[in-house]
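Chemist: Quick one: the structure is below, and I'll ask about it shortly.
The values are calculated or read from the model by the stated rules, or taken from the named source; none is laboratory data. All of these numbers come straight from a predicted model, not from anything done at the bench. Here the Cβ positions follow ideal geometry from the backbone for every residue, glycine too, while neighbour counts run over all protein chains shown.
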């Protein structure tokens, strides 16, 4: 996982007042992929009572009712997490294996199981393909996902130009970009996806005029 993706996730959870512990800050000489299965342990010191069942695709307001979670970040920013991508990347799901929860137990103690959260670049936009990806993720034991777009929009919204974020390079860069009007509030134009106009369906087309 790139350091940039890691920083985005850490700053996002800290913005929402979570205590964030990185699983490991080094890579051993005998590095194995398994070493990086869990990226962060996050703990909410003052969780709110949930208003209802958490959605699978989390938004920022949902974080308030999360007590603790293990977080895995997949910063494949040019990929959409379609069911095909997930099917050919089984290593994504190693963090939900029972052996991984031994690490979580050491981090959190035995006071309830932590939520298993996967940070993803994007899910498919088409409803059917999106549902297929969500069904596959749930079937593997993932409890929830957070898209990077959600995190970035939240960070951009919260950063204030008149504050000096010298302890976070990411927040300081966002502050500088906002100062020079690279982000237009509240539209956040840089985060809008450009969609091609689709031709109208048959039901949307005006009726053909009868020949005179």
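Chemist: Do you know which of the residues in the range 55-68 that are under 23 Å from residue 98 (Cα atoms) and over 13 Å from the mean Cα position of the chain (by Cα) is surrounded by the most Cβ atoms within 10 Å (Cβ to Cβ)?
Modeler: 66
Chemist: Also, quick follow-up: Scan the range 75-98 for residues that are assigned to a helix (DSSP H, G or I) and in contact with a strand residue (DSSP E or B) (Cβ under 8 Å, 6 or more places away or on another chain) and jot them down.
Modeler: 92, 95, 96, listed by residue number.
Chemist: So is residue 41 under 17 Å from the mean Cα position of the chain (by Cα), surrounded by 17 or more Cβ atoms within 10 Å (Cβ to Cβ), in a strand (DSSP E or B) and modelled with pLDDT of 90 or more or not?
Modeler: yes
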